[in-house]
Every structure is written in structure tokens, then in C-alpha cells.
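Remarks on the structure that follows.
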Ligand SMILES: Cc1cc2nc3c(=O)[nH]c(=O)nc-3n(C[C@H](O)[C@H](O)[C@H](O)COP(=O)(O)OP(=O)(O)OC[C@H]3O[C@@H](n4cnc5c(N)ncnc54)[C@H](O)[C@@H]3O)c2cc1C
């Protein structure tokens, strides 16, 4: 057994850390948060693209680095730690993964090289309003290759070039690719809980589409896609919650109350130890997810659910208790604590809320038990 | 044991209802300025008929009512949309302190105007390096040369409502050469003094209700001293004890709003989210907690009406309420699924409140005693467990180790 990343992957991680420490301090996320007109940092986006990270898991013949998912995972962790204000997840974990999963040769050769070069920003458009979307709830339809309907919210919808949209054609669900620059698409900017990550309402009025994957398999494809994204997002969440623990730890060492560092009080020690435990649970689960993703293992749905559940819990806990550890100053706009608190929600909701994943996990376990394969 | 109003209380309630029906303002206003004016009017109106500060003694212009009457009024008032309350710190903490230790002239001057909403007060306790550890306050008050006046210099922080306040009570270090708790003295200050500079601090929720307050050569008369020189710590305990009583209900989204939203939001499998077992269990817990806070408060009120002094056990309500608000709003935002990332005009009114609560609840776990400090209080003062070994108690304040 060797349940660890290789030296090369660790080197890549260290390089990514160095690059992001220099190019993506939290002040970059804060700048986007403060600027109502901006929903991403374009210069940072270009700089990250120039590192080739968008193409880490894209095969070389489609312009990627052809490294693999373990490499993409270590990059994701560093991006999460830096709470980068760029559409990396929408583009690399959702659109590129979708194309890789279900795209035909033509779609792959058109889209993947553009993604790898950072020339195409992607987005995934599934939700149609508050609450859980059920098959009956979908009100987006394709007729004769034209899409009509409204998707809300679509993360990065304002800046994306292409969206993958879940819609029904002839009563059958499927995913469709839409060029968002087409005149038939109306986009409206949405305020977001984490304003360092933008979102939009997309309105389609007879927008031309091409289908990706088979008609009738839209939901199945979304599930497979979200399993893959969940693993990558879990690494981002691990990065973010680790950073919260670091912030809390260094403050607990510096801050004195009653003549002692607050870190000498067990209330604070146990809080930080709990953060650490949750972070490590998340990390181990994410590693297992990475293995499943990288080897296309049949365990992926279970591994991805576990990673997503653990990582969402860890980031939420670390981000709120980091504020608490800081006391009054942690509650201010000036401190970075709230950027992580906000981002923890962005990441735990963008691929569906944790409670859905718990349901999905138990359904999988139930199925496995009734198949007798436990 | 019963929950029936006594005949007198029942009559009191009827009168309150009738009065509220007639007098609750139609307009609250939309700008800060309008809201503040509406709040002042409302307080004046209440004070004129004895609903301003129900338990305050007749001697100071209050009606000398009972704690139960106060509960009745608060219950009834909460059924109406009334202006915001910028007086809670003044009336809940500062003035009770003034009444407890101020001299006759001071009480005469301030109690009435505060009760009538004419003057707003703030509590200048916390400092950049003295929050939980209030006894470590460093703002200095020194005697002006050869005079009995004092000169105050220093910085306070997180002062809620300072930007609207006319006066504040301020805890100062008057002697750094004795152990920390012995070298403090309390004063009241005029917030309009040219030496007082108030700078709002933006909170993570975006609003700016609390402030930094810089005090530069603020000259105060010895008659502005509240309590003895070196007696400031004892005075602050009076303030904090009344604070405990004032913290009844923390504002924010509640279980009823959650239930309502859950009925209307699609959940797992196409049924309303309210059918999701995991959410049902949470709702049950929040309901139990909410009711228990209310009942605990009623027990405390009953004890007070029998002449007992509210004790540290009242800390439990705040521990439960603040965390509950955070968990409830978090779950409510998650209930929206992907839509939970949205904020602003695309949210329904109730979803907007869940978002707002999510961003203010972290402050409630810190303000007025952090979760951790309140647990220490329960463990040490109620359960009688030994306190932390202290390194700061028996040495001169200037020798206590400090960090950031
Ligand atoms: C919204 C809001 C409004 C406020 N309004 C006012 C106001 O009007 N007037 C005013 O004077 N102050 C006000 N405050 C300040 C508030 O009282 C302090 O923030 C609070 O007491 C904590 O102090 P601190 O911020 O210095 O944190 P610290 O005391 O530095 O605490 C940092 C962390 O250490 C923990 N800690 C500290 N000591 C111990 C210990 N012995 N054991 C275990 N853990 C410990 C704390 O629980 C916290 O998690 C307000 C604060 C907020 C958030």
C-alpha cells in the first residue's frame, strides 16, 4: 500500500503554493468582493492558465499537460487555500470533466484545447430556483436544437463562454452545450453570498445548442460529473479549512487574555484540535476520492460522497470557529475570516448541498448491501 | 405553578394591548435618520405613560412596576412592528449602573432624559487588548495637575451605537502599579467632547453598528466618576449583571420562519423540504431550545419577582441562542441547495433574513461574553469547579504578560 501522493506531485503542490502565495494573496479575493462590477480576477486567471493547471488532467493530444487527477487534486487544494477569485472549478472540474466524460471527438478537439489554454471559461447550469431540483421541476426545454428556459443560479455565468445546461428534449433529459455569447442568451448578474465568486441568471430564448452525451441520460451524466467535481472541490475545501486552522492557530499563539496566550486555554485548544480532526477526516476522505477518480474505480460514487460530506463539514466548522477564535476582530470586514466563511458556503452548495450527498451516500450503501457486495 | 396572569397582571396586559393598538407608530422610516427619530418618539411615548422603563423606581421617574409586568409588555410589544431600539445598552446597562452608584445630581440629570429616549448611551468597555479580559483595560485616567479633574487618554473598540450616543460609561486605568482589578475606575463621558473621536467599524455582515472610540485628552470632572477611585471593577460587574438580564432574546431568523420556508422549498425527491427527515429533526431541536429559553427566562423572572438577584445561570440562554441562530441560518441557506449562493434582491424576504442571520450570528457568539467565557462562568460560578490558575491577579498591572 502507498496511500500518499508521489514526490513529483508534492513538488507540484509546493510550486503551486509558492506561485499562489506570490500571485493570489487573500487580498485578491477581497478586491473582487469589494468591487460590485467584477466577478473574477482576470489577471490572476491568465496567470493561472499560463501555469498550465487548467489542462493538468486534459490529455496531451487535446492540448493539456496529460498529468492526471492526482496532480489536479494537489492544485485544487492550493487554489482552495488561496480562495482564488477565478472560474477554475466551473471550467476545469465541470466543463472540462463533462467534455472528457461524454464529449465526442469533435467536441473534445474543439473545446479541451481552449480550456487548457485558458481561452474558454465554462459553467454548469442545472439549478432553476430555490431548493432541490427534481425531474418534474425542470422547465428548460430543447426543441429542434433550440433551447428555452431560465437557469438560476449559474456560478460564473456572467463571464463564461460556454455553459453546459441540463434540459429536456422530447421528454428526455440531457445536457446541452450553449455558446453564451450568442445573442439569444440574456444574462443578468446575481449578488452572491460569496461575492468573490460571481453568478448569473441565464435566460435562453431559442438559443442554439448541441447535445453532449445521450438523450435520456442527462441526470445520470450529471451524477457522474458531480462525483468527479465533488472530489476536486473537496480538495479545495481541505485547502480552505487548513488555512482557517492556520489563521486560528497563529492568532491563538499571539493573542493574550488574562496574562496568557488564549491558545493556552483548553476551550481554544480543544476547538483547534476539533478543527484539526475534521480537517484530517476530510483530507483522508478526499485522498480516497482522488484514488477513485484517478483509477476510474467503481467506488467513485461512494468515495466522492464521503469526500464531499467530510470536506463540507470541515470547512464550515473551521471557518466559523476561526472567527470565534479571533473574538471581536474576527467579526470585522477587515479581517479575512469572513472570506473563508463565505467561501465555505459557495463550495458546499455549488455541486449540491451536503444533505443531498448524505442521502446519495446512504442510497449507494443500501444498494451495495442489498446486492450482497458488502 | 401556572401560566395564568394574576387578576392584576391580566388587567395590566389588557391595558398594554389597548394602548399598543392605539399608539404603535404607523411609520418607522427607511433612512437611518428617520428610524432614529421614530425610535426616539416611540420611547418618549412609552415613557410618558409608564412603559418606558417599567421596573425603574418611582423615585427616578419610573412607574416602579414588576419584572412580570415588564415581561408582559415586552411580549405584547413583540407582536407589533416597532422602531429599532437604540436604547437597549443605555437603559439595559449604563443607566442601571448610574442609578446604582451615581450621586444624586448625576441621577437627576441623566435618568429621566434616557428613559424618555432623549439621550442615547453606549458602553465603552472593550479595548483592542482587553475584551474577555475586561480587567486589562488600559485607557488611562490621570488627575489633572493639582485639580480634582481627570484627563482620559486611550482607545475603546467594538462600541455598539457610539456613533449615535450622547454619553457613555467608560472604564479606565487609574493605577497601573497595583493588581489589575484594583486600579480601575469608572466614569461617564460626553461623547460630543472634542477629544472623543468615533470611527465606525465595518462588520463582516457589511453593516457598521460598532465603532472604534479614541479618547484624546478628554477632561472630565471628578463628579463624573461612577463609584470609588479604584472601584471600577466592582462597578463594571454591576453593568455586566444587568446586561445578563437585558440579553433576553437575540434577534435573527427563528424556527417558525424555517418551518414556513421548508414548506415552500422543494426538498429531496420532489416533496417539500419539510418532509426531509434530517430537517425535521433539526426543527424539533430548535423548537425545544427556543421554548426552553423562554421558559428559563420565565423561571428567572419568577425568581426576580420574588426578590432574588439574577445569577450567572442566565448565561445558558445566550450560549444556546447564538449558536442556534448560526446553525439554523446555515441549514436554511443549505436548504435552498445551489440557490443558497445567491444573495440580494433575488432572495425571498425570509431567505434574505436567513442570509442576514448567517452573517450576524458569529458576532452574537462573541458580543456580551463569548461562548467560551460564558461556559467558564457556568463551570466556575454555578458548578463550583476550580478556576484557571491565574498569572495576572497578584502582580502589578504593568507587569502582566501581554501579547497582541
Ligand atoms: C457585535 C458586537 C458588539 C459589541 N458591542 C460592545 C459594546 O457595545 N461595548 C463594549 O465594550 N464591547 C462590545 N463588544 C466587544 C465584546 O464584548 C468583546 O468582543 C468580547 O468580550 C470578546 O473580547 P475580544 O474581542 O477581545 O476577544 P478575546 O477576549 O481576545 O477572545 C478571543 C478568543 O479567546 C477566547 N478566550 C479568551 N479568554 C478565554 C479564557 N479565559 N478561556 C477560554 N477562552 C478564552 C474567547 O472566547 C475568544 O474565542 C462587542 C462585540 C461584538 C462582536
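So here's what we get for this one:
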{"read-out": "Residue A:371, sole failed condition from (1) over 29 Å from residue A:71 (Cβ atoms); (2) more than 14 Å from every other protein chain (Cβ to nearest Cβ); (3) in contact with a helix residue (DSSP H, G or I) (Cβ under 8 Å, 6 or more places away or on another chain)", "value": "(3)"}
{"read-out": "Residue check, residue B:171 crowded, with 22+ Cβ neighbours inside 10 Å, at pLDDT 95 or above and assigned by TED's automatic domain parsing to the domain that holds residue B:201", "value": "yes"}
{"read-out": "Test for residue A:363: is it out of contact with any helix residue (DSSP H, G or I) (no Cβ under 6 Å at 6 or more places or on another chain), within 14 Å of chain B (Cβ to nearest Cβ) and without any contact (Cβ under 8 Å) to a residue 40 or more places away in the chain", "value": "yes"}
{"read-out": "Residue that is surrounded by the fewest Cβ atoms within 10 Å (Cβ to Cβ) [pool: residues in the stretch B:345-356 that are free of Cβ contacts under 8 Å to residues at least 12 places away in the same chain and more than 10 Å from every other protein chain (Cβ to nearest Cβ)]", "value": "B:349"}
{"read-out": "Qualifying residue in the stretch A:315-322 (condition: in contact with a strand residue (DSSP E or B) (Cβ under 8 Å, 6 or more places away or on another chain) and modelled with pLDDT of 95 or more)", "value": "no"}
{"read-out": "Yes/no for residue B:308 being part of a helix (DSSP H, G or I) and outside the structural domain of residue B:78 (by TED's automatic domain parsing)", "value": "no"}
{"read-out": "Scan of the stretch B:138-152 for residues that are touching a helix residue (DSSP H, G or I) at 6+ places or on another chain (Cβ under 8 Å) and modelled with pLDDT of 95 or more, ordered by number", "value": "B:149, B:150"}
{"read-out": "Condition met for residue B:251 (outside any helix (DSSP H, G or I), more than 14 Å from chain A (Cβ to nearest Cβ) and closer than 24 Å to residue B:360 by Cα)", "value": "yes"}
{"read-out": "Residue list for the stretch A:318-340, filter: facing another protein chain (nearest Cβ under 7 Å) and within 19 Å of the chain's Cα centre (by Cα)", "value": "A:338"}
{"read-out": "Subset of the stretch B:189-211 [outside any strand (DSSP E or B), crowded, with 16+ Cβ neighbours inside 10 Å and within 12 Å of the ligand (Cβ to nearest atom)]", "value": "B:204, B:205, B:209"}
{"read-out": "Tabulated pairs, the stretch A:244-266, first at the interface with chain B (Cβ under 10 Å from one of its Cβ atoms) and without any contact (Cβ under 8 Å) to a residue 40 or more places away in the chain, second part of a strand (DSSP E or B) and within 8 Å of the ligand (Cβ to nearest atom), C-beta under 9 angstrom, 6+ apart or interchain", "value": "A:257/B:130; A:265/A:257"}
{"read-out": "Single match in B:386, B:401 (criterion: within 7 Å of another protein chain (Cβ to nearest Cβ), farther than 30 Å from residue A:194 by Cβ and away from the ligand (no atom under 12 Å from the Cβ))", "value": "B:401"}
{"read-out": "In the stretch B:99-131, the residues that are closer than 19 Å to residue B:173 by Cα and within 16 Å of the ligand (Cβ to nearest atom)", "value": "B:122, B:123, B:124, B:125, B:126, B:127, B:128, B:129, B:130, B:131"}
{"read-out": "Members of the stretch A:121-165 found to be within 14 Å of chain B (Cβ to nearest Cβ) and on the phi > 0 side of the Ramachandran plot, listed by number", "value": "A:129, A:131, A:156"}
{"read-out": "Any hit, the stretch A:179-189, residues being within 30 Å of residue A:269 (Cα to Cα) and more than 16 Å from the ligand (Cβ to nearest atom)", "value": "no"}
{"read-out": "Residue check for residue B:186: away from chain A (no Cβ under 14 Å) and within 13 Å of the ligand (Cβ to nearest atom)", "value": "yes"}
{"read-out": "Selection count where residues are away from the ligand (no atom under 13 Å from the Cβ) and either crowded, with 22+ Cβ neighbours inside 10 Å or under 18 Å from residue B:232 (Cβ atoms) (or both), scope the stretch B:132-168", "value": "11"}
{"read-out": "Count of the stretch B:357-368 residues which are part of a helix (DSSP H, G or I), out of contact with any strand residue (DSSP E or B) (no Cβ under 9 Å at 6 or more places or on another chain) and more than 7 Å from chain A (Cβ to nearest Cβ)", "value": "4"}
{"read-out": "Residues satisfying the stated conditions in the stretch B:331-344, i.e. part of a helix (DSSP H, G or I) and either crowded, with 24+ Cβ neighbours inside 10 Å or facing chain A (nearest Cβ under 7 Å) (or both)", "value": "B:332, B:333, B:334, B:335, B:337, B:338, B:339, B:340, B:341, B:344"}
{"read-out": "The stretch B:103-132 residues that are within 14 Å of another protein chain (Cβ to nearest Cβ) and closer than 13 Å to residue B:60 by Cβ, paired with ones that are in a helix (DSSP H, G or I) and within 16 Å of the ligand (Cβ to nearest atom) (beta carbon under 8 Å, 6 or more apart)", "value": "none"}
{"read-out": "Total residues in the stretch A:302-317, condition without any contact (Cβ under 8 Å) to a residue 60 or more places away in the chain and more than 13 Å from every other protein chain (Cβ to nearest Cβ)", "value": "1"}
{"read-out": "One residue from A:367, A:358 being surrounded by fewer than 22 Cβ atoms within 10 Å (Cβ to Cβ) and under 25 Å from residue A:95 (Cα atoms)", "value": "A:358"}
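Condition check ((1) surrounded by fewer than 14 Cβ atoms within 10 Å (Cβ to Cβ); (2) in contact with a helix residue (DSSP H, G or I) (Cβ under 8 Å, 6 or more places away or on another chain); (3) modelled with pLDDT of 90 or more) across all residues:
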{"position": "B:221", "(1), (2), (3)": "yes, no, yes"}
{"position": "B:235", "(1), (2), (3)": "no, yes, yes"}
{"position": "B:245", "(1), (2), (3)": "no, yes, no"}
{"position": "B:250", "(1), (2), (3)": "no, yes, no"}
{"position": "B:255", "(1), (2), (3)": "no, yes, yes"}
{"position": "B:261", "(1), (2), (3)": "no, yes, yes"}
{"position": "B:292", "(1), (2), (3)": "yes, yes, yes"}
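The values are calculated or read from the model by the stated rules, or taken from the named source; none is laboratory data. Keep in mind the model is a prediction, meaning the values are calculated, not measured. With ideal geometry, Cβ positions are generated from the backbone for all residues, glycine too; neighbour counts draw on all protein chains shown.
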